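Engineer: Below is one structure. I have some questions about it.
Read the figures in this text as sums done on the coordinates, not as results from a lab. Values in this document were obtained by computation on a predicted structure and should not be read as measured data. Glycine also receives a Cβ, built like all others from the backbone with ideal geometry; neighbour counts cover every protein chain displayed.
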Amino acid sequence: MNAPLPLDRRAAKPSQRIKSATGDWEMVIGLEVHAQVNSNSKLFSGASTHFGNAPNSNVSLVDAAMPGMLPVINVECVKQAIRTGLGLKAQINRRSVFDRKNYFYPDLPQGYQISQYKSPIVGEGEILIDMPDETITIGIERLHLEQDAGKSIHDLSPSFSYVDLNRSGVALMEIVSRPDLRSADEAKAYVSKLRTILRYLGTCDGDMEKGNLRADVNVSVRRPGAPFGTRCEIKNVNSIRFIGQAIEYEARRQIGILEDGGEIIQETRLFDHGKGETRSMRSKEEAHDYRYFPDPDLLPLEFSAEFVEELKSHLPELPDEKKARFIEQYGVTPYDAMVLTLERESADFFEAVARGRDAKIAANWVINELFGRLNKEGLEVTASPMSADQLGGIVDLIKDGTISGKLAKDLFEIVWAEGGNPREIVEARGMKQVTDTGAIEAACDAVIAANPDKVEQVKVKPTMLGWFVGQVMKQTGGKASPPAVNEILKAKLGIE
Amino acid sequence: MSVDSATIVRVAHLARIAVAPEEVARLEAEFNSMLGFVEQLSGLDVSDVEPMTSVRPMQMKMREDVVTDGGYPARIVANAPASEDDFFVVPKVVE
């Protein structure tokens, strides 16, 4: 057993503090992320997890909590939780226990949620997060498996709620961070990184719009150096941007109360993204007595060390490892490596472009041109109209000097819109960069002959050279090699 | 261990069971009688005994990740006091 880590192990940097007339404050944030497990069927039943099916069609008699129905655990959900634990460099508990968490709500037909309380499947781990000026380590306290509830729809009728149990019993991983986060930006970066890791592992698709990844956000404030203050929990925030907004609002609300001499009451709050504020869910207060006890329908969850080793041996390369390898193998900057490894598919695309080519040019074109364009058009890299081979072809043409950067951008547009082989397009449309010095010299001579006044000026003002380069490029239809034009003009005009 | 009348009222509320005020005293006496009976167990020394999780020593059965069930919404809502388009219809529960 490891000694428990101290709970309070990070201080906010002065730049992260909230300035106030009465002195500085700092935020203390911990997150409980609910991630839907990627699986075909539910945690304890054989009903489908497919999103968007007709109401109550993904429901078995187990999920509807009909009398006499017994849960049988889905081995894939267990594997997914272990894989996630391994990806978080966490302790895997080869024996864990399912408990009943009791509460009443119309979308919870059992009257309890099967969850893990005292003995979770995964214990302590950590996540490394790249912030603009440093890499921080955020502790993971635990990960446990539990059932999702059904869905209540309130806007179909003025006086009734409609309940759909399709989600009821779908497996969730609740991933609990330590209270190590000290700003909204850190919290947002934490969720992004966690999402990236889950997507790499394939254990959760991270789709926040579908509610497949959502967070409960615990926020408190304190004076620098003081012990933790009383926290409030903001439930079910379902976008990274809202997580940031909810934290900023909640910290300032608490500071306002404390500065007026008031006290923070520990409570559950909701984030209203329309109004950008959090508000109390008073009626839920009493529901906090969950009366956990071990589920008598389920034996303890036990598996062997070999079971874990087998999963470990098939784990994919994770974002931190991939990033380090990209820096080492391709010589890209740490920032570029981070951008390239945000999604596994993006990293694969880059590697397909970079393989056997100039990796720095490849990184530049993948990040700035391709990702920029995909972003603008709202496309995923997997839906890119340009293949890695095509972009690689453009990179080759830049590298061997066939086309200039300017022509390459034109070529990118053509390939993006029309497809085709870049080298054939360049041949067919005469887009080749003119490196034939004879042709460039002729163009330079023509420009010099036509502009005797400018020739006089450039002799006293060498920065005028740029104007000449521009004229020559215009004459050659943008096909002249700019470095060659520069050289020749300098020689002809007698400029150093 | 014993409980007071406030605890009886709270437990009844958590279990969503209607308990009339005049019933509380009787329930309190019954609860305490049962708790007193169970209390005998705390006289035993179980410091060396693993908590029993099953009558027989066996591993939990696991299921493959295959869709084998569902697809019968009409059966799911068949017993509901109110339903519409295969949804359960319940009194408004939004805040």
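Engineer: Taking the Cβ of A:Ser41 as the center, what net charge do the other residues with Cβ under 9 Å away carry, scoring Lys and Arg +1 and Asp and Glu -1?
Structural biologist: Values: positive: A:Lys42, B:Arg63; negative: A:Glu76, B:Glu64, B:Asp65, B:Asp69.
Surrounding charge for A:Ser41 is -2.
Engineer: Per residue of A:143-153, count partner chain C-beta atoms within 10 Å of its C-beta, then hand back the mean as an integer.
Structural biologist: Values: counts 0, 0, 0, 0, 0, 0, 0, 1, 1, 6, 2.
Counting Cβ atoms of other protein chains within 10 Å of each residue's Cβ and averaging gives 1.
Engineer: With θ set to phi - 60° and the Karplus curve 6.51 cos²θ - 1.76 cosθ + 1.60, what are the ³J(HN,Hα) couplings of region A:466-473 in order, to the nearest whole Hz, using x for Gly and Pro?
Structural biologist: x, 5, 5, 4, x, 5, 5, 4
Engineer: Starting with the fewest neighbours, write out A:Met431, A:Met27, A:Met131, B:Met60 ranked by other beta-carbon atoms found within 10 Å of each beta-carbon. Let's see the in-between values first.
Structural biologist: Values: A:Met431 21, A:Met27 26, A:Met131 12, B:Met60 16.
In increasing order of surrounding Cβ atoms, one gets A:Met131, B:Met60, A:Met431, A:Met27.
Engineer: Separate question: Beta carbons within 10 angstrom, averaged per residue: use that to sort the peptides A:94-100, A:214-220, highest first. Please report the intermediate quantities before stating the final value.
Structural biologist: On the way: A:94-100: 19.4, A:214-220: 23.4.
Sorting A:94-100, A:214-220 by mean packing, highest first, produces A:214-220, A:94-100.
Engineer: For a Förster distance of 22 Å, can you work out the FRET efficiency between the beta-carbons of A:Arg279 and B:Ala80, rounded to the nearest 0.05? Intermediate values should be presented prior to the final figure.
Structural biologist: Working: r = 32 Å, r/R0 = 1.45.
E between A:Arg279 and B:Ala80, to the nearest 0.05, is 0.10.
Engineer: Determine, for region A:319-429, the count of lysine pairs separated by eight or more sequence positions (or lying on different chains) whose alpha-carbon distance falls under 19 Å.
Structural biologist: Values: A:Lys322/A:Lys360; A:Lys323/A:Lys360; A:Lys360/A:Lys399; A:Lys360/A:Lys406; A:Lys360/A:Lys409; A:Lys376/A:Lys409; A:Lys399/A:Lys409.
Summing the qualifying lysine pairs gives 7.
Engineer: Obtain the nm distance between the two label points defined at A:Asp24 and A:Leu156 by a simple spin-label model: each point lies 7 Å from its Cα along the Cα-to-C-beta direction.
Structural biologist: It is 5.3 nm.
Engineer: Here's another thing I want to ask about it. At what distance in angstrom do the alpha carbon centres of region B:1-60 and region A:1-57 lie from each other?
Structural biologist: So the two Cα centres are separated by 34 Å.
Engineer: Report, in degrees rounded to the nearest 10, the 0 to 90 angle that the Cα long axis of helix A:184-201 makes with the longest principal axis of chain A.
Structural biologist: The angle comes out at about 90 degrees.
Engineer: Let's test the formula: R0 of 51 Å, r as the Cβ-Cβ distance of B:Leu41 and A:Phe228. What FRET efficiency results, to the nearest 0.05? Show your work: numbers first, answer last.
Structural biologist: Working: r = 38 Å, r/R0 = 0.75.
Efficiency, rounded to the nearest 0.05: 0.85.
Engineer: Once the Cβ-Cβ distance between A:Asp453 and A:Arg429 is put in as r, and R0 is 41 Å, what FRET efficiency do you end up with, to the nearest 0.05? List each step's numbers first, then the result.
Structural biologist: Working: r = 36 Å, r/R0 = 0.88.
For A:Asp453 and A:Arg429, the calculated efficiency is 0.70.
Engineer: Considering just Cα atoms, how many Å³ per residue does the convex hull of the protein assembly as shown enclose?
Structural biologist: Details: hull volume 149.3 nm³, N = 591.
So the per-residue Cα hull volume is 253 Å³.
Engineer: Quick one: B:Tyr72, A:Tyr249, A:Tyr200, A:Tyr335, fewest Cβ neighbours within 10 Å first, how do they rank? List each step's numbers first, then the result.
Structural biologist: Details: B:Tyr72 15, A:Tyr249 20, A:Tyr200 23, A:Tyr335 11.
Result, fewest neighbours first: A:Tyr335, B:Tyr72, A:Tyr249, A:Tyr200.
Engineer: Another question, if that's okay. Give me the percent of DSSP beta bridges within chain A that run antiparallel, rounded to the nearest 5. Walk me through the numbers on the way to the answer.
Structural biologist: On the way: 53 of 57 bridges.
Around 95 percent of the beta bridges assigned by DSSP in chain A are antiparallel ones.
Engineer: Give the order of A:His50, A:His34, A:His144 when sorted by the count of other beta carbons within 10 angstrom, beginning with the fewest.
Structural biologist: Going from sparsest to densest Cβ surroundings: A:His50, A:His34, A:His144.
Engineer: Give me the compactness ratio for region A:14-310, meaning the Cα radius of gyration over 2.2 N^0.38 Å.
Structural biologist: On the way: Rg = 19.8 Å, N = 297, 2.2 N^0.38 = 19.1 Å.
Scaled against compact globular proteins, the figure is 1.03.
Engineer: Label points 7 Å out from Cα along the Cβ direction at A:Phe104 and A:Asp289: separation in nm?
Structural biologist: Taking the two extended label points, one gets 1.3 nm.
Engineer: Additional query: Using only helices, what value at 222 nm comes out for chain A when you add -39,500 (n - 2.57) per DSSP H run of length 4 or more and divide by the total residues, to the nearest 500 deg cm²/dmol? Please list the in-between numbers first.
Structural biologist: Numbers: 16 runs with 181 residues, N = 496.
-11000 deg cm²/dmol, from helical runs alone.
Engineer: Output wanted: per-residue J couplings in Hz (rounded whole) for region A:29-45, from phi through Karplus 6.51 cos²θ - 1.76 cosθ + 1.60, θ = phi - 60°, x for Gly and Pro.
Structural biologist: 10, x, 10, 10, 9, 9, 10, 6, 5, 6, 7, 6, 10, 6, 4, 10, 9
Engineer: Per residue of A:39-46, how many C-beta atoms from partner chains lie within 10 Å of its own C-beta, taken as a mean?
Structural biologist: On the way: counts 2, 5, 8, 5, 1, 1, 5, 8.
The shielding value for this peptide is 4.
Engineer: Could you work out the mean count of beta carbons from other protein chains within 10 Å of each residue's beta carbon in B:71-78?
Structural biologist: Numbers: counts 9, 5, 10, 2, 5, 12, 6, 0.
Average neighbour count from other chains, rounded to a whole number: 6.
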